[in-house]
1. Scan the range 98-113 for residues that are touching a Pro at 6+ places or on another chain (Cβ under 9 Å) and among the polar types (S, T, N, Q) and jot them down.
2. Would you be able to say whether some residue in the range 108-116 is at positive phi and among the charged types (D, E, K, R)?
3. I need the full set of residues from the range 162-181 which are more than 16 Å from Pro118 (Cβ to Cβ), crowded, with 22+ Cβ neighbours inside 10 Å and modelled with pLDDT of 95 or more, in order please.
4. Out of the residues in the range 125-137 that are buried (at least 18 other Cβ atoms within 10 Å of the Cβ) and aliphatic (A, V, I, L, M), which is nearest to Gly73 (Cα to Cα)?
5. State which residue is least open to solvent (accessible area, probe 1.4 Å) when the search covers only the range 1-24 and only residues that are over 20 Å from Asp93 (Cβ atoms) and either at pLDDT below 90 or not in a loop (DSSP other than H, G, I, E, B) (or both).
6. Name the residue that is modelled with the lowest pLDDT, counting only residues in the range 47-57 that are crowded, with 16+ Cβ neighbours inside 10 Å and over 14 Å from Ala167 (Cβ atoms).
7. Determine whether Arg149 is more than 19 Å from Tyr31 (Cβ to Cβ), in contact with a strand residue (DSSP E or B) (Cβ under 7 Å, 6 or more places away or on another chain) and modelled with pLDDT of 95 or more.
8. Looking only at the range 183-194, count how many residues are out of contact with any helix residue (DSSP H, G or I) (no Cβ under 7 Å at 6 or more places or on another chain) and either in contact (Cβ under 8 Å) with a residue 60 or more places away in the chain or surrounded by 20 or more Cβ atoms within 10 Å (Cβ to Cβ) (or both).
Amino acid sequence: PPPKIDLPSVWREFTNAPIQNQAGNRSVDAYLAVLKQFGVDNSPCRYTPSAACGGPTDTRCNIYASDVMNAMGAHLPTKGELGVGHGTSKTTDPMPANARDTHAWLNQQKDGWRKLDPNNPNDWATLQAHVAAGKPALASRSDHIAVIRPDQPGGLATGNTDSLKIAQSGAINSSNTTIGTAFTGATPDIYIHE
């Protein structure tokens with residue numbers, strides 16, 4: 001079993017996961033181990049919108065995506081880094097940025113992130129090869145963000161984003177669901193990190 005992680009407060013970025021999948025040493029098994037170590041299926045308070053966990057009822061997809069991507073060496077911004085921190089901490093707030101601000105930041109395609117068009121056969125093939133090599137990928141729109149899993153089903157038709165396997169926290173916490181189940185309405189954008 002993965003090591004027990006002492007997850008910090010939801011209000012802080014987490015960068016010290018014991019299992020990492022860093023550039024230069026990536027694999028599908030390491031990617032899956034990174035996902036498993038956070039135990040999102042067990043709904044730890046860090047990823048669960050519940051008054052019983054001592055916090056607001058907002059979903060925490062951004063927190064989970066940030067934790068996983070930090071363990072993958074594919075940083076996502078904090079509120080402070082974007083200058084949208086709380087109160088007097090506008091530029092120092094250590095909490096991962098919300099889904100809306102993270103999505104806007106991802107659209108800038110910087111810090112190694114690149115947007116793909118899943119309806120373009122070349123981009124679709126790039127996505128499939130990218131995650132099969134254990135490299136980080138995200139599904140994102142302004143109201144939700146999820147991690148694209150490395151173990152995708154074979155033979156997915158170009159643009160069949162609904163069948164892409166993801167891990168997420170949100171309305172449901174799951175380490176293995178699909179975009180079609182988790183994202184209702186508009187299709188999310190797809191991003192990869194080199």
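1. Answer for the range 98-113, where residues must be touching a Pro at 6+ places or on another chain (Cβ under 9 Å) and among the polar types (S, T, N, Q): just Thr102.
2. We begin by selecting, within the range 108-116, every residue at positive phi; these are 109, 111-112.
Next, only the ones that are among the charged types (D, E, K, R) stay: 111.
Yes; the residues of the range 108-116 include at least one that is at positive phi and among the charged types (D, E, K, R).
3. Taking the range 162-181 first, the residues more than 16 Å from Pro118 (Cβ to Cβ) are 167-177, 181.
Filter again for crowded, with 22+ Cβ neighbours inside 10 Å, leaving 167-170, 173.
The answer is Ala167, Gln168.
4. Ala137
5. To start, the set of residues in the range 1-24 that are over 20 Å from Asp93 (Cβ atoms) comprises 1-6, 17-24.
Next, only the ones that are either at pLDDT below 90 or not in a loop (DSSP other than H, G, I, E, B) (or both) stay: 1-6.
Numbers: Pro1: 165, Pro2: 45, Pro3: 60, Lys4: 187, Ile5: 21, Asp6: 137 Å².
Result: Ile5.
6. So in the range 47-57, the residues crowded, with 16+ Cβ neighbours inside 10 Å come out as 47-49, 53, 55.
After this cut, where a residue has to be over 14 Å from Ala167 (Cβ atoms) as well, the list is 48-49, 53, 55.
Working: Thr48: 77, Pro49: 68, Cys53: 70, Gly55: 64.
So, considering only residues that are crowded, with 16+ Cβ neighbours inside 10 Å and over 14 Å from Ala167 (Cβ atoms), the one modelled with the lowest pLDDT is Gly55.
7. Working: more than 19 Å from Tyr31 (Cβ to Cβ): no; in contact with a strand residue (DSSP E or B) (Cβ under 7 Å, 6 or more places away or on another chain): yes; modelled with pLDDT of 95 or more: yes.
So Arg149 fails the test.
8. First, the residues of the range 183-194 that are out of contact with any helix residue (DSSP H, G or I) (no Cβ under 7 Å at 6 or more places or on another chain): 183-186, 189, 193-194.
From what's left, either in contact (Cβ under 8 Å) with a residue 60 or more places away in the chain or surrounded by 20 or more Cβ atoms within 10 Å (Cβ to Cβ) (or both): 183, 189, 193-194.
Summing the residues that are out of contact with any helix residue (DSSP H, G or I) (no Cβ under 7 Å at 6 or more places or on another chain) and either in contact (Cβ under 8 Å) with a residue 60 or more places away in the chain or surrounded by 20 or more Cβ atoms within 10 Å (Cβ to Cβ) (or both) in the range 183-194 gives 4.
The values are calculated or read from the model by the stated rules, or taken from the named source; none is laboratory data. On a predicted model such as this, the values are computed, not experimentally measured, just so you know. For neighbour counting, all protein chains shown are included, and Cβ atoms are generated from backbone atoms with ideal geometry for every residue, glycine included. Remember, those area values only see protein heavy atoms, side chains included, never the ligands or the DNA or RNA. Shrake-Rupley method; radii C 1.70, N 1.55, O 1.52, S 1.80 Å.
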